[in-house]
Amino acid sequence: MTEGVRCQISIDTYTEMLVPVNIVLNLLVVIATVLGSWMALPQTRRLVRTRRVEGVSAVWIGVSLALNSWWLVYGVVAGVWAIVPVSAISLTLYGAMAFVYLATVGRSALPAMTAGAFGLGMVPLPFLVVGGWTLAALAIGFAYGVQLLPAVVAACRTSDLTGVAASTWLIAWAEAALWLVYGLAVGDLALTSAGLVGATMASIILARLALTGHEPFVAVDRRRRFAVSRSLGAAHRSAVAVTAGVDNHATVTSLGSRKRESTVAPISTRSRNGHRYSEVLQ
C-alpha cells in the first residue's frame, strides 16, 4: 500500500515537472511557426519593391516550393500539426516569389525553377517509396539543406547581393535553431535534421552578406565611416584654424613692418667728398 502511494506521488510529481517543459516546447513551436511564416516575406517584398533578382536563385525558389509541399503533407500524415500552418503560409509566399521572379526575368528562368521543383525538390520521394514516412521524414529534414543549397551557391558565386534580403536569412537561422531544439526534445528526426542543416546554411549566407558589406551589416560600416569622417572633419577644422592663426599673425606682422617703414624718413642729406648720402634712422 505504501509503495503504491509512493509510486502515485512519483507519477504526479513527474507529471507536474512535465507541465513547464510542455509549455516551453509549445512556445518554441509557436515562435518557430511565426518566424517560418515570416521568413519568406522580406525576400518576397524585396523582389516586388525593387524588381532586382541579383543573388536570388530561381532553383532555390523551385526547391522551396516543392519542399514546403513535402512539409505540409508530412505534417498532416504524421500528425505534426505544428508545421502545417507555417508550411502552408510559406508555400503561398514562395508561390508569389516565383511569380514576381518570372515576371521580372521572363521565361528564361522557368527551366531552372522547374529543375529545382521537380529535380532537387523530389529528393524525399525514393525514401518514401522504400521506407515509408519514417525514412521519408529524415530525407525531408536533410532536404532542407538541399532547399537552401542553391541560395548558398548563388550567394557565394557573386559579390553583388543586391537582391538578397538579409532579414530573411536572420529569420531562417532563428527558425532553424528553434526547430532543432524542439526536434531534439520530442525526438523528431525530420525536425532535428532540418534545424541542424538550416542553421548551418543560413550561417553561411549571413557570413557572405557580412563580408560583402550588405545590409544590415553595412549600417555598422556606415556608422564607422561617419565616425571616421567626423574625426577627419574635426582634424581638418583644427588645421584650418591653425593655418588661419598663422596667416593672421603674418598679416599683422607684415602690417606692423609696413607701418614702421612708412615712419622712416631721411633726417639729412648732405654732400661729403662730393657724394650725396642719406642718413636714415631706423
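The values are calculated or read from the model by the stated rules, or taken from the named source; none is laboratory data. Since the structure is predicted, the reported quantities are computational estimates derived from the model, not experimental observations. Cβ atoms come from the backbone with ideal geometry, glycine included; neighbour counts cover every protein chain shown.
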Discussion item. Let me confirm something: among Val164, Val197, which residue is surrounded by 20 or more Cβ atoms within 10 Å (Cβ to Cβ) and outside any helix (DSSP H, G or I)?
Written reply: Val164
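Kindly provide the set of residues from segment 130-175 that are aromatic (Phe, Trp, Tyr), under 18 Å from Leu191 (Cβ atoms) and touching a residue at least 40 places away in the same chain (Cβ under 8 Å), ordered by number. Break it down stepwise before answering.
Residues of segment 130-175 that are aromatic (Phe, Trp, Tyr), as a first pass: 133, 142, 144, 169, 173.
Checking the rest, the ones that are also under 18 Å from Leu191 (Cβ atoms) come to 133, 142, 144, 173.
Matches in segment 130-175: Trp133, Phe142, Tyr144.
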Worksheet item: Would it be correct to say that Val29 is in contact with a Pro (Cβ under 7 Å, 6 or more places away or on another chain), surrounded by 15 or more Cβ atoms within 10 Å (Cβ to Cβ), of a type in the set (A, V, I, L, M, F, W, C) and in contact (Cβ under 8 Å) with a residue 40 or more places away in the chain?
Response: no
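Quick check: is even one residue across segment 32-46 in contact with a Gly (Cβ under 6 Å, 6 or more places away or on another chain) and either modelled with pLDDT of 90 or more or surrounded by fewer than 18 Cβ atoms within 10 Å (Cβ to Cβ) (or both)?
no
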Worksheet item: In segment 97-108, which residues are over 15 Å from Ala151 (Cα atoms) and crowded, with 16+ Cβ neighbours inside 10 Å?
Response: Val100, Leu102, Thr104, Val105
Worksheet item: Any idea how many residues of segment 70-120 are among the β-branched types (Val, Ile, Thr), under 19 Å from Val153 (Cα atoms) and not in a helix (DSSP H, G or I)?
Response: 0
